[in-house]
């Protein structure tokens, strides 16, 4: 991607505090101090409280902190924390990158991350899908990456089609923003395509399509444009009632590697498990290319990423090698089963506010891939999981605590798959492993 | 049963399956098989004709657009009406419950329902989201209903139906009653895999479908623990 296509002024002057209004300076300083205090007090990563305080003092703080930086926003239901981490590593070829690497993905987290990083020419920010429109307005990004949209925490999240509509409206207001979007997800393709270009044979010039595969299809059977049925055959999909169809992707995944828009193939050797992460790497390379980063230069940096805010982290505990996998919704559970080894597996389910209070989604997941493994279950809502596994013909053993699970399996690997707060609980037991 | 095999139809999973609705088909099939009934589960998509000779029809929840589309296609198909006339069992959940009535609201517009149950739905003042519990109509002889609801509609029952339950937690139809039933048709706002928490309700549908007066009891240890845990959670939240 030629550098001339980038939209920011090209003048990557240092963003110094001196350039900010006094109120923003105070807010930024308070934000950093509060984050440091929070970490020192052992209350958390400090990635939310600092930003929250800063925004209280100066509501425009995020915009002030964004000015002068070339920014990539990464959003979607799944894979955004990992893709953000990989994209930050790739963009790091060019210089220092600010990023919210702890998964604090709302404006408070962005504010905190930018304040903490000080002046950097680049920022790669993970954005909660509900906040994408707001964060686009505040940060004036160079590129926005749209990964996927599927059902997630339906008791409070917006329905999938409504979310796609919000994304689409936000991007339509900013046709100058580069978009990197998943060709395999009909909802994303529709959101990324301006209303004026219904005919998908014409790819809008500001959109780059990637194909990273999609295991989960159950939220895109109905066309968001016309309401007709969407048909699928192999990797292709098309609407039976209007021109919406899968665009030809410029970035694809092939044989443990990534193919770039020129057709060049790069072997991607990751320390992160699963095919899904090769797809995340392809997305990260496509995002970095929008800043002028060549895949050749970025690929080695992707291999340095070992774990992301505890995800995929491995910890030895009482002779067991425990690996943590986060699975928040049906689509990411399917991916977790793909990543996990054939080894004893602990499943932990909570239904607290960050998880969504509703456990109905358990019946959208087919747990059959776990048959034949020693399966243990725990968490606030282990009984919901027990009922589900019984109906799924997956034998299991209920344990009350993580420690009990560790003692219940033979020495060797223990895979842990947990949803959000259950994951954080276990991560806390392992001394907040990153 | 119409044949030796218990036939369960899951109506339009492409449109009406937002919240783990597949669970109800899986649960009914498993509980029937454990009693020795051969079972066939058919998933009928919205571009297919609905078979009219199945024993149980399941309609799940959905977003506004798919709900309206589902109702239009079921009206045009006519198969469900014929099946009901022949005595089939229908179990509707959330959006699937609303569309069994005479009318419902989706995307700000009133839509015609299937008119299989004497009830109509409109928009409530706020979205009802959370635990739902109620004491079920004594004539059905079931333990209390437990579930999770997530809907913006309020449902008004006509004289042709009975409430499924009196609400003890949550909103249901209108804060007082929850769900409705008539003959072998039953609907509830307890959404998604409602039968996972209510195995006795699953068995009621199986008794209606098979004509069996009694079904041998099954080991429901985990479902019973789940029910007790939810009961405690609702009581704690209220205290």
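The values are calculated or read from the model by the stated rules, or taken from the named source; none is laboratory data. Worth saying up front: this structure is predicted, and the values here are computed from it rather than measured. As a convention, Cβ positions derive from the backbone with ideal geometry for all residues, glycine included, and neighbour counts pool all protein chains shown.
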Limited to the stretch B:69-98, what total is found for residues that are within 16 Å of the chain's Cα centre (by Cα) and either in a helix (DSSP H, G or I) or modelled with pLDDT under 95 (or both)? 8
Out of the residues in the stretch A:353-391 that are within 8 Å of another protein chain (Cβ to nearest Cβ), assigned to a loop (DSSP other than H, G, I, E, B) and out of contact with any strand residue (DSSP E or B) (no Cβ under 6 Å at 6 or more places or on another chain), which is nearest to residue B:223 (Cα to Cα)? A:359
Restricting attention to the stretch B:147-185, and to residues there that are within 14 Å of another protein chain (Cβ to nearest Cβ) and assigned to a loop (DSSP other than H, G, I, E, B), which single residue is nearest to residue B:85 (Cα to Cα)? B:171
Any chance you could count how many residues in the stretch B:27-62 are crowded, with 22+ Cβ neighbours inside 10 Å and either within 9 Å of chain A (Cβ to nearest Cβ) or assigned to a loop (DSSP other than H, G, I, E, B) (or both)? 6
Exactly one of these conditions fails for residue A:426: (1) within 14 Å of chain B (Cβ to nearest Cβ); (2) closer than 22 Å to residue A:274 by Cβ; (3) surrounded by 18 or more Cβ atoms within 10 Å (Cβ to Cβ). Give me its number. (1)
Would you be able to tell me the number of residues in the stretch B:1-26 that are more than 9 Å from chain A (Cβ to nearest Cβ), under 21 Å from residue A:230 (Cα atoms) and part of a loop (DSSP other than H, G, I, E, B)? 2
Picking from B:157, B:132, which residue would you name as being within 29 Å of residue A:391 (Cβ to Cβ) and crowded, with 16+ Cβ neighbours inside 10 Å? B:132
Screening B:214, B:151, B:156, B:191 for residues that are touching a strand residue (DSSP E or B) at 6+ places or on another chain (Cβ under 6 Å) and over 20 Å from residue B:16 (Cβ atoms) leaves only B:156
Residue in the stretch B:99-111 that is closer than 24 Å to residue A:230 by Cα, in a loop (DSSP other than H, G, I, E, B) and within 14 Å of chain A (Cβ to nearest Cβ) present: yes
Residue B:68: within 12 Å of chain A (Cβ to nearest Cβ), surrounded by 21 or more Cβ atoms within 10 Å (Cβ to Cβ), over 22 Å from residue A:359 (Cα atoms) and in contact with a strand residue (DSSP E or B) (Cβ under 6 Å, 6 or more places away or on another chain), yes or no? yes
Return the total of residues in the stretch A:65-92 being touching a residue at least 60 places away in the same chain (Cβ under 8 Å), touching a helix residue (DSSP H, G or I) at 6+ places or on another chain (Cβ under 7 Å) and farther than 18 Å from residue A:311 by Cα. 7
How many residues are in contact with a helix residue (DSSP H, G or I) (Cβ under 7 Å, 6 or more places away or on another chain) and part of a helix (DSSP H, G or I) when one looks only at the stretch B:186-239? 18
